[in-house]
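Undergrad: One structure follows; several queries about it will come next.
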Amino acid sequence: MAEDIEITGITKEEKYRSLVPQIKGLLEGEPDTIANMANICAALKYGLDFFWVGFYLIKNEQLVLGPFQGPVACTRIHKGKGVCGASWQKNEVIIVEDVNQFPGHIACSSLSKSEIVLPVYNSKKEIIGVFDVDSENLAAFDKTDEVYLKQILEALPF
Ligand code: SME
């Protein structure tokens, strides 16, 4: 399996347009969710140069760290806590331009400045976790990230 990710384009949208089909190709035919989540993290971390990319999965009413790329991170997050816990509780995408302005933000690294967190759903549309992407830059995330990250998450087979 030759699975080199090659990113073309200059704008973020162009980069996502180049990356998303490659990620879908990477996942095609592979039913293992953890393996696919791990490759999504690697492709995004190295393709779009994010600071931290990872999944938190709901286990016994807590978010537990799943596949990720980047520095070590906190392993458990309670419902409603931090951006991840809030995204789970509200069942919605949360974009934070400046993490220091988000009440209760959980700082796994002081280098992280902004983030986007998206709920992750199974085929029954039940929330099974969240997907968290962090940047070292302020206001790194917007609707473009939401649109393309959703497409990537929808490619996960459950
Ligand atoms: N900042 C997140 C916690 C996870 S780490 O950033 C990897 C939060 O506030 O939920």
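Undergrad: Counting other C-beta atoms within 10 Å, and keeping those with at most 16, which DSSP coil trypsin sites (Lys or Arg not before Pro) do you find in the stretch 77-158?
TA: Qualifying residues, ordered by number: Lys79, Lys124, Lys125.
Undergrad: How would Phe51, Phe102, Phe158 rank on accessible area, largest to smallest, probe 1.4 Å?
TA: Phe158, Phe102, Phe51
Undergrad: If a/c stays under 1.5 just call it rounded; otherwise compare a/b with b/c (prolate if a/b is bigger, oblate if not). Do that for the stretch 29-103, with a ≥ b ≥ c from the square roots of the Cα gyration tensor eigenvalues.
TA: oblate
Undergrad: What is the spin-label model distance, in nm, from Gln89 to Glu13 if the labels are put 7 Å beyond Cα along the C-beta direction?
TA: 3.5 nm
Undergrad: Quote the FRET efficiency, to the nearest 0.05, computed for Ala107 versus Lys59 with a Förster distance R0 of 30 Å and r equal to the Cβ-Cβ distance.
TA: Computed FRET efficiency for Ala107 and Lys59 comes out at 0.85.
Undergrad: If you don't mind, there's one more thing I want to ask. Rank Ala86, Gln62, Leu48 by how far each Cα sits towards the positive end of the charge dipole of the stretch 12-154 (+1 on Lys, Arg Cβ; -1 on Asp, Glu Cβ) and give me just the farthest.
TA: The one lying farthest along the dipole's positive direction is Gln62.
Undergrad: Here's something else I'd like to know. Got a sec to turn the phi values of the stretch 81-96 into Karplus ³J(HN,Hα) couplings, 6.51 cos²θ - 1.76 cosθ + 1.60 with θ = phi - 60°, whole Hz, x for Gly and Pro?
TA: 8, x, 6, 5, x, 6, 4, 5, 4, 7, 6, 8, 6, 10, 10, 10
Undergrad: Moving on to the next point. List the extent of the Cα atoms of the stretch 12-154 along each of their three principal axes, largest first, rounded to whole Å.
TA: So the three principal-axis extents are 39, 33, 25 Å.
Undergrad: Compute the distance in nm between two label points, each set 7 Å from the Cα along the Cα-to-Cβ direction, one at Lys79 and one at Asn137.
TA: About 3.7 nm separates the two model spin labels.
Undergrad: Write out the GluC sites (Glu not before Pro) in the stretch 126-158 meeting two conditions: DSSP loop, and at most 15 other Cβ atoms within 10 Å of their Cβ.
TA: Counting only loop positions with at most 15 other Cβ atoms within 10 Å, the GluC sites (Glu not before Pro) in the stretch 126-158 are Glu126, Glu136.
Undergrad: Springs between alpha-carbon pairs under 10 angstrom, Gaussian network model over the chain: which of Pro21, Pro67, Pro119 fluctuates most?
TA: With Cα springs under 10 Å in the chain, the top fluctuation among Pro21, Pro67, Pro119 is at Pro21.
Undergrad: Continuing with this model, one more query. So what are the ³J(HN,Hα) numbers for the stretch 23-39, from phi and the Karplus equation (6.51, -1.76, 1.60; θ = phi - 60°), rounded to whole Hz, Gly and Pro as x?
TA: Those phi angles translate into 5, 4, x, 5, 7, 4, x, 9, x, 7, 5, 5, 4, 5, 4, 4, 6 Hz.
The values are calculated or read from the model by the stated rules, or taken from the named source; none is laboratory data. Worth saying up front: this structure is predicted, and the values here are computed from it rather than measured. Ideal geometry is used to build each Cβ from the backbone, glycine not excepted, and the neighbour counts take in all protein chains shown. Heads up: the accessible areas ignore ligands, DNA and RNA and are worked out on the full protein's heavy atoms, side chains in. Shrake-Rupley method; radii C 1.70, N 1.55, O 1.52, S 1.80 Å.
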